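**Student:** I'd like to ask you about the structure that follows.
The values are calculated or read from the model by the stated rules, or taken from the named source; none is laboratory data. Since the structure is predicted, the reported quantities are computational estimates derived from the model, not experimental observations. All Cβ positions, even for glycine, are placed from backbone atoms using ideal geometry, and neighbour counts span all protein chains on display.
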Amino acid sequence: MSDFSLKIKLLGMLKSQQREAVVNLKKVMAEAQNAANDYGPPRDRYDSFRMQLLRKKDMFGQQLAKVIEQTDVLEKISSEKRLETVEFGALVITDKQRIFVSIGIGKIELDGECYYAISPNVPIYKAMEGLREADEFEFRNETIKIRSIY
């Protein structure tokens, strides 16, 4: 499998994970709302159990908003264009690790290989931003060489 088709596969996997997270969060939000509804109206103005259930639903709502935002970010990545420099949407193969500049969700296992999905806001991205294949950069007192970019 070429690294370019690997980028397409990684992007598809991330999108699938995000869609699954949306479904799961909507489900737990509905369960929290149903639990609050089943509990009935507040017993008094200090009914902490019902408020706890509603806060739980709100917490999941915030997580859902973040996942939807990340999904929107993934939609902006072009899987048809090969990139020449390290930028948003690039799959960067270095002599140390494989990095997909997309959303910050961390380690991903795919076909027995380990990849790291990072956001453009993390320090390692800032260290390699704009570099090309065969360029080297310093990160945490270590010299890292870029082997390829897709």
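**Student:** State all residues of segment 99-116 that are in contact (Cβ under 8 Å) with a residue 40 or more places away in the chain and either surrounded by fewer than 16 Cβ atoms within 10 Å (Cβ to Cβ) or not aliphatic (A, V, I, L, M) (or both); if no residue qualifies, say none.
**Tutor:** Within segment 99-116, Phe100, Ser102, Leu110, Asp111, Tyr115 qualify.
**Student:** Identify, from the list Ile93, Ile105, Ile118, the residue that is out of contact with any Lys or Arg (no Cβ under 9 Å at 6 or more places or on another chain) and within 24 Å of Ala134 (Cα to Cα).
**Tutor:** So the residue among Ile93, Ile105, Ile118 that is out of contact with any Lys or Arg (no Cβ under 9 Å at 6 or more places or on another chain) and within 24 Å of Ala134 (Cα to Cα) is Ile118.
**Student:** Let me ask something else about it. Looking at segment 117-150, which of its residues are surrounded by 15 or more Cβ atoms within 10 Å (Cβ to Cβ) and under 22 Å from Gln17 (Cβ atoms)?
**Tutor:** Correct list: Ala117, Ile118, Pro120, Ile124, Tyr125, Tyr150.
**Student:** Look at Glu80 and say whether it is of a type in the set (Asp, Glu) and either in contact with a Pro (Cβ under 7 Å, 6 or more places away or on another chain) or touching a residue at least 40 places away in the same chain (Cβ under 8 Å) (or both).
**Tutor:** No: the conditions fail for Glu80.
Conditions (1) at pLDDT below 85; (2) exposed (fewer than 12 other Cβ atoms within 10 Å of the Cβ); (3) under 30 Å from Cys114 (Cβ atoms), marked per residue:
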{"residue": "Ser16", "(1), (2), (3)": "no, yes, yes"}
{"residue": "Val23", "(1), (2), (3)": "no, yes, yes"}
{"residue": "Lys26", "(1), (2), (3)": "no, no, no"}
{"residue": "Pro42", "(1), (2), (3)": "yes, no, no"}
{"residue": "Ser48", "(1), (2), (3)": "yes, yes, no"}
